[in-house]
């Protein structure tokens, strides 16, 4: 029987000796490699915090003490030792464990954390509420150095230093978010780590001075004043100390005695403390340690050689977006590519490698990225941004106030739009249409396939207004790509099939599911459908749609966005504004509520947005059932 099989709850971790903690860490590392090699998932980040997680649960008493994970994709060890070990092989699978903390799944998960930089705000508010109620428990926020670049995290630090509530912040410093971290915060942390020998030397000298009889205490007080000068000469001053948060560290995140000592000491303070814990992403598995970005959100792989299994036969929409932007930069060096810590995920790594001067990674800072892009555009450059739809939500104010109202020409690729498999409810790209459509003077497009995507990127780069292109996380259709990039006339949809029984208006790659459903309707039921590839959600091709609707009474809208405020709402409003009409409408979209954990294809099936589901619903609609 392995040691890990005896660990069901955090109380079992507390019983382990230091030697057993190391053994348990090794067993968890092996288990994580097995799980992710089968299921896919976040490997490198989880391997880096195995020791840190065990140390936290050894010192603190969860769930009474609140351990708050920022982002949360490093929570696999936390789940293993909090009663979910036997279900760990279900992680990221349909009806299985979420890959992020979930407070419905377990009382040990305080915060549903899928977006970065949120932990400190919640921890700060929770600490104030605890003290007002005169409760007595510890609050520990675990935040990575990448998440610390997020504006909301810096805002929280500023306020925490002001109100000075009892709170422990664990800064997990592994030099990376998904890709290597950038910017001044990262450099500052590197300086602090480089100052580690000085910090230890200082502690030794202080202890010696204190031990000298009679004069030791006074000498120590003088030495403290000298130390301030020494610190500014040898090690750059700590940002956290200046903010009013006691800085402790750096602490070796793979040294159990050191972590246990520092965590116990942090519990004794009645003011905010930040422990700077240095960990190694991918620790325990050489391929992940050597290439942590590739194993951040990993596909299944062979453990022996680390090679990924399978893989899409067709390039993804992200790849096509990146390749097209690269072509544009090659032809026009005023075009610059921007990402918020996602060069690989958005496909813009291609530009980063070939034209580093035309590429900017701003870190986890979507709000800043939009304003930065606005400044670039005002200065005569042509910014192209790649951002996940779910993370675009964080910059809605900048999109409305700073970009749209001044009609600043920027191009945004909304990656992972629509239903997203694997990552659960926090990463769904369902709300972009509802959020963006009311914004004035923007263009919103959705390609039916990867060939149309490249033409949309080219088209958007030539428009003198904000342009958004939404596309999903899935392989492309595998069709040929035109060599020459072409402009798609603004506001023009495309009729793919004609029939007189029902009009299907489909958004994005769901066009192909709608076409398949239309062929089934024709072949099996004699129902002939007109299928339109909407292409432009805004501006809408009203002329074409109304001309088709003049002959067809039944209208179906198909989208993998939210039904409330999405494309269907746009169509309903247009027809309502046109006055009394004889039309019937069927909305096929994602209804309100939490999206379950499943793959993208399973989610499309769940919401009846795959070809079979569209066929069933349109058939019943036409037949009056």
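If I ask for residues that are in contact with a strand residue (DSSP E or B) (Cβ under 8 Å, 6 or more places away or on another chain), part of a helix (DSSP H, G or I) and closer than 20 Å to residue 255 by Cβ, which ones from region 58-87 would you list? Correct list: 78 only.
The residue that is surrounded by the fewest Cβ atoms within 10 Å (Cβ to Cβ), among those in region 21-50 that are touching a strand residue (DSSP E or B) at 6+ places or on another chain (Cβ under 6 Å) and part of a helix (DSSP H, G or I), is 37. Cβ-Cβ contacts under 9 Å between residues 6 or more apart (or on different chains), taken from a first residue in region 33-51 that is farther than 16 Å from residue 75 by Cβ to a second residue that is part of a helix (DSSP H, G or I), are listed as 33/47; 33/288; 34/89; 38/89. Just so you know, in region 539-552 the residues that are in a helix (DSSP H, G or I) and touching a residue at least 24 places away in the same chain (Cβ under 8 Å) include one that is nearest to residue 621 (Cα to Cα), and it is 549.
The sole residue among 521, 609 that is in contact (Cβ under 8 Å) with a residue 40 or more places away in the chain, assigned to a loop (DSSP other than H, G, I, E, B) and surrounded by 17 or more Cβ atoms within 10 Å (Cβ to Cβ) is 609. Kindly indicate whether any position in region 553-566 is touching a strand residue (DSSP E or B) at 6+ places or on another chain (Cβ under 8 Å) and part of a helix (DSSP H, G or I). There is no residue in region 553-566 that is touching a strand residue (DSSP E or B) at 6+ places or on another chain (Cβ under 8 Å) and part of a helix (DSSP H, G or I). Within region 259-293, the set of residues being under 11 Å from residue 52 (Cα atoms) and without any contact (Cβ under 8 Å) to a residue 40 or more places away in the chain is empty.
Each residue in region 110-132 was checked for being part of a loop (DSSP other than H, G, I, E, B) and modelled with pLDDT of 95 or more, and 0 pass. Right, residue 53: more than 20 Å from the chain's Cα centre (by Cα) and surrounded by fewer than 24 Cβ atoms within 10 Å (Cβ to Cβ) or not? No; evaluated as a whole, the condition is false for this residue. The criterion of being in a loop (DSSP other than H, G, I, E, B), without any contact (Cβ under 8 Å) to a residue 40 or more places away in the chain and not assigned by TED's automatic domain parsing to the domain that holds residue 150 holds for residue 440. Of all the criteria given as (1) surrounded by 21 or more Cβ atoms within 10 Å (Cβ to Cβ); (2) under 28 Å from residue 456 (Cα atoms), the one not satisfied by residue 597 is (2).
Condition check for residue 396 on (1) touching a strand residue (DSSP E or B) at 6+ places or on another chain (Cβ under 9 Å); (2) part of a helix (DSSP H, G or I); (3) under 25 Å from residue 72 (Cβ atoms): one failure, at (1). Taking the listed residues 288, 350, the one that is in a helix (DSSP H, G or I), under 22 Å from the mean Cα position of the chain (by Cα) and surrounded by 23 or more Cβ atoms within 10 Å (Cβ to Cβ) is 288, with no other qualifying.
Of all residues in region 133-149, those satisfying the criterion of being part of a loop (DSSP other than H, G, I, E, B) and in contact with a helix residue (DSSP H, G or I) (Cβ under 7 Å, 6 or more places away or on another chain) are 137, 145.
The values are calculated or read from the model by the stated rules, or taken from the named source; none is laboratory data. Here the structure is a predicted model, which is why all the values come from computation and not from measurement. Reconstructed Cβ throughout: ideal geometry from the backbone, glycine too, with neighbour counts over all protein chains shown.
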